[in-house]
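In what follows, a single structure is set out as structure tokens and then discussed.
The values are calculated or read from the model by the stated rules, or taken from the named source; none is laboratory data. Note that the coordinates shown come from a computational prediction; the quantities given were computed from them, not determined experimentally. Note that each Cβ is placed from the backbone with ideal geometry, even for glycine, and that neighbours are counted across all protein chains shown.
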Amino acid sequence: AKANGKNGFRFYSSDLNATLERKMTIENELKKAIEKEELFLVYQPKVDLQSREVIGAEALLRWRHPKLGFVSPGEFIPVAEETGQIIRIGEWVMREASRQNKAWQEKGFAPMCISINVSVLQFQREDFLETVDRALTDAKLDPGSLELEITESVMQNVWESTQILKRIRKMGVRVSLDDFGTGYSSLHVLQNLPIDTLKIDKSFIDALTDINQHAMVKTIVELGLNLNLDIVAEGIEEEYQVQVLTSHKCRIGQGYLFSRPVAPEEFEQLLVPVQET
Ligand code: C2E
Ligand code: CA
Ligand code: CA
Ligand code: CA
């Protein structure tokens with residue numbers, strides 16, 4: 001038993017070392033990722049659930065490292081948040097998505113809104129609004145073409161966050177509450193939150209396989225519509241989910257059923273050029 005315990009400990013300890021080492025590697029390599037142009041964005045369409053037309057996109061960050069290969073955002077974003085690197089990276093995301101959106105508009109595609117994910121650490125910085133303003137000005141992008149996806153974690157400071165949100169929306173930039181339903185924002189808070197969009201978390205969409213779970217989605221959609229918000233269902237993979245969602249008046253969706261997040265060249269194929277007059 002003693003030998004086992006010892007082995008067990010050794011196993012655990014080397015496991016832990018490997019985890020720490022991987023984290024340190026990521027932290028170090030991430031420092032150079034922007035200048036080495038290893039970061040890029042992929043775009044996942046948001047579609048009108050009735051017409052199936054692409055009406056916008058969410059930009060999602062990707063990292064391809066020459067030695068590590070693809071590192072998923074689920075792995076490197078928490079590291080970037082822990083080390084503060086998310087500030088620089090997040091700013092790069094905002095600038096790149098704005099530049100790309102403008103480029104599509106100039107190519108003659110109908111103006112659309114592209115959303116980006118914003119870490120609570122970016123959001124709470126004093127210079128956040130300036131950063132947003134600078135990104136838009138430099139890209140010459142209309143503020144209404146940018147949406148910031150924030151999570152319920154910003155609600156830990158409701159009053160402060162509300163002030164920031166008000167200023168963002170006064171600029172004309174849109175705000176979406178991501179992963180809705182997984183956090184702890186109360187209905188009271190939601191009611192007074194200056195946002196434009198509610199994004200129903202994938203877990204609720206997955207749960208539509210169970211007919212007893214439909215009430216949750218129905219309730220969220222009704223709530224959002226009553227508050228005059230756009231409702232986006234994320235993580236749609238099956239046709240029947242679309243049927244249930246549309247029956248509950250949810251009009252916008254995103255998910256593998258329509259398209260995975262794709263490179264800009266591929267996304268462009270999904271867009272319809274504006275008719276010449
Ligand atoms: P999220 O914001 O909730 O993004 C949705 C995630 O679900 C994306 O994973 C997307 O690829 C995936 N997804 C979309 N449709 C489906 C579907 O039908 N089925 C399944 N199984 N998955 C689907 P991804 O790209 O790996 O991103 C993971 C998370 O990393 C994001 O979750 C977001 O929290 C974070 N993230 C990604 N890009 C950024 C960024 O630029 N900045 C920040 N701060 N976070 C980011
Ligand atoms: Ca998101
Ligand atoms: Ca989400
Ligand atoms: Ca998520």
Would the range 208-230 turn up any residue that is over 21 Å from V54 (Cβ atoms), within 16 Å of ligand 4 (Cβ to nearest atom) and surrounded by fewer than 23 Cβ atoms within 10 Å (Cβ to Cβ)? yes
Considering only strands (runs of 3 or more DSSP E) fully contained in the range 50-149, which possess at least 2 residues that are among the β-branched types (V, I, T)? 54-65, 113-117
In this structure, is R10 at pLDDT 95 or above and in a helix (DSSP H, G or I)? no
Determine whether G84 is under 22 Å from V132 (Cβ atoms) and loosely packed, with under 15 Cβ neighbours inside 10 Å. yes
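Results for (1) surrounded by fewer than 21 Cβ atoms within 10 Å (Cβ to Cβ); (2) under 12 Å from S98 (Cβ atoms), shown as yes or no for each residue.
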position: A110; (1), (2): yes, no
position: V118; (1), (2): no, no
position: E126; (1), (2): yes, no
position: L129; (1), (2): yes, no
position: V132; (1), (2): no, yes
position: S145; (1), (2): no, yes
Log entry, pairs with first residue in the range 175-192 being farther than 16 Å from D230 by Cβ, second being assigned to a loop (DSSP other than H, G, I, E, B) and away from ligand 4 (no atom under 15 Å from the Cβ), beta carbons closer than 6 Å, six or more apart or on different chains, reads none
Of the residues in the range 224-248, those that are within 14 Å of F258 (Cβ to Cβ) and in contact with a strand residue (DSSP E or B) (Cβ under 8 Å, 6 or more places away or on another chain) number 7
If you go through the range 235-254 one residue at a time, do you hit one that is under 20 Å from E152 (Cα atoms) and surrounded by fewer than 21 Cβ atoms within 10 Å (Cβ to Cβ)? yes
